[in-house]
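The values are calculated or read from the model by the stated rules, or taken from the named source; none is laboratory data. Worth saying up front: this structure is predicted, and the values here are computed from it rather than measured. For neighbour counting, all protein chains shown are included, and Cβ atoms are generated from backbone atoms with ideal geometry for every residue, glycine included. Protein only, heavy atoms only, side chains kept; ligands, DNA and RNA dropped before computing areas. Shrake-Rupley method; radii C 1.70, N 1.55, O 1.52, S 1.80 Å.
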Amino acid sequence: MNTSVLITMLIISLMIGFIGLVAFLWGLKNGQFDDETKMMQGVLFDGVDDLNEAFKQEKKQKIFKGATMNKIYDIAIIGAGPGGISAATESVIAGIKDVILFEKGEEHSTTIRKFYKDNKRVDKDYKGQKVELNGNIFFNDGTKESTLELFSEILQNNHIQTRFKTEIESIKKEGDIFHLWATDNQAYQAKYIVISIGKMGQPNKPDYKIPISLLKKVVYNINDCKEGEKILVVGGGNSAVEYACYLATITDTTLNYRRTEFTRINESNAQNLKEVIASGQLKTKFGIDIQGLEDQDGKIKALFTDGSSDVFDRAVYAIGGVAPIDFLKKCGIELDTNNIPVTTDKLESSTKNLFVAGDILFKSGASIATALNHGHTIIEEIKQRIQTP
């Protein structure tokens with residue numbers, strides 16, 4: 001056996017030994033030798049990927065078990081919109097101190113920030129439905145900016161503990177305690193849950209397929225719309241009308257609604273729409289639906305049911321939103337045939353001590369005032385239950 005062969009064999013042996021040492025140290029660090037059965041099964045059957053995945057799952061379980069040693073909140077509130085802010089504020093006023101508010105966005109009131117244009121009118125009475133406030137938050141007609149400022153002051157003045165950029169992905173009840181999992185694998189616990197996450201975080205999309213090449217040009221708010229673009233706005237509600245009326249003042253805009261009459265908009269928007277159309281600023285396609293969209297040289301070609309077509313730089317769909325059904329089901333909440341949570345008159349879901357507030361309780365949405373009342377109703381009930389175990 002010549003020298004070169006011996007050197008090669010020695011190098012290979014050293015490499016194998018080094019790999020074995022690394023694996024041994026990895027096993028010690030991660031507790032792979034703590035359990036004899038687990039160790040033997042790992043040696044006999046698992047590959048490196050299997051071992052890594054097993055370690056991740058075991059780590060997650062340790063986080064969950066560790067959470068049982070951590071703080072148990074009286075109330076955990078999911079969603080920092082009007083309903084969630086109301087529930088948190090009413091809790092503080094009621095003397096319930098151990099409250100935490102979760103919001104997946106960077107700030108409170110994500111729907112208002114994202115889907116309301118600047119200076120948008122915000123009515124207390126949604127679609128003309130008058131609601132008398134019965135809680136401790138005074139809210140009246142205003143604008144997007146004044147509404148956001150009001151809620152910021154409320155959160156600050158009441159010193160409410162918040163977790164922004166924290167999305168709760170599932171809730172599981174064990175005994176009398178709810179375990180909440182966030183997408184970053186953090187675990188929380190609470191005795192009562194209030195879910196107030198709204199619908200507009202998941203806007204409705206058209207039934208027809210949108211070409212992949214156009215996905216960035218088909219949007220659900222006007223944040224990215226620019227002057228000089230030819231824009232199609234689709235929808236028949238307040239948001240669609242407000243978007244169209246505003247865009248028509250800065251760029252070539254067409255409003256498409258499948259009906260001929262607007263029955264869901266407030267008087268102010270109805271008047272603005274009439275004036276913008278009369279001035280010739282806004283083009284319309286009413287009583288006509290869209291059959292589909294095509295990519296024409298990187299632009300949106302809309303095919304209408306009357307046989308006509310037109311090409312646009314951008315399309316804005318403002319056709320409402322849907323409840324986050326998968327999340328609600330993960331939380332064990334019973335839904336009716338319209339996928340609306342089934343609740344009692346106290347807004348308690350099918351799971352005891354888990355309450356639901358806001359527009360996810362309505363097929364066609366609800367007002368800010370209604371959400372504020374929901375928060376008050378829920379906390380009054382929770383307060384009574386805490387005082388009378």
Self-check item: Net charge contributed by nearby residues that have their C-beta within less than 11 Å of Thr166 (K/R +1, D/E -1)
Solution: -2
Quiz prompt | Label-reachable residues, region 127-169, where backbone N falls under 11 Å from a point 7 Å from Ala270's Cα toward its Cβ | solution = 128
Quiz item: Any idea of the accessible area per residue across region 262-389, 1.4 Å probe, to the nearest Å²?
Solution: 49
Quiz item: What full-extension length gain, to one decimal in nm, is calculated for Ser213 and Ala187 as 0.36 nm per residue of separation minus the Cα-Cα distance?
Solution: 5.5 nm
Quiz item: Between Ile137 and residues 5 or more places away or on another chain, which pairs have amide H atoms under 5 Å apart, with H built 1.01 Å from N, and which residues are they?
Solution: none
Exercise. Could you rank Leu148, Leu354, Leu303, Leu10 by how accessible they are, 1.4 Å probe, largest area first?
Key: Leu10, Leu303, Leu148, Leu354
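Where does the charge balance sit around Pro206 when Lys and Arg score +1, Asp and Glu -1, over other residues with C-beta under 13 Å from its C-beta?
Values: positive: Lys205, Lys209, Arg258; negative: Asp207, Asp289.
Taking every other residue near Pro206 into account, the sum is +1.
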Quiz item: When only the heavy atoms of the protein chains count and the probe is 1.4 Å, how do Ser91, Ser146 rank by accessible area, highest first?
Solution: Ser146, Ser91
Practice problem: Grab the other residues whose beta carbon is less than 11 angstrom from that of Gly320, score K and R as +1, D and E as -1, and report the net. | Solution: +3
Practice problem: Quick one: Debye curve from the alpha-carbon atoms of region 251-325 only, equal weights, vacuum; give me log10 I(q)/I(0) at q = 0.16 Å⁻¹ to two decimals. | Solution: -0.72
Quiz item: Could you state the number of Å between the C-alpha centres of region 249-281 and region 354-389?
Solution: 35
Quiz item: Tell me, how many Å apart are the Cα centres for region 284-340 and for region 66-117?
Solution: 31
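Kindly sort His159, His179 by accessible area of their heavy atoms, largest first, with the probe set to 1.4 Å. List each step's numbers first, then the result.
Values: His159 160, His179 10 Å².
Ranked list, largest accessible area first: His159, His179.
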Practice problem: With a point put 7 Å past each Cα toward its Cβ, work out how far Ile93 is from Asp74 in nm, to one decimal. | Solution: 1.5
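Would you mind telling me the share, in percent, of accessible area of region 242-389 contributed by carbon and sulfur at probe 1.4 angstrom?
Details: 3140 of 7170 Å².
In region 242-389, the share of accessible area belonging to carbon and sulfur is 44 percent.
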Practice problem: Quick one: compute the contact order of region 270-335, relative version, from alpha carbon pairs under 8 angstrom and 6+ residues apart, as a percent. | Solution: 16
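At 1.4 Å probe size, with every protein chain present, just tell me what the per residue accessible area of region 142-215 comes to in Å². Let's see the in-between values first.
Values: 3950 Å² over 74 residues.
Dividing the accessible area of region 142-215 by its residue count gives 53 Å².
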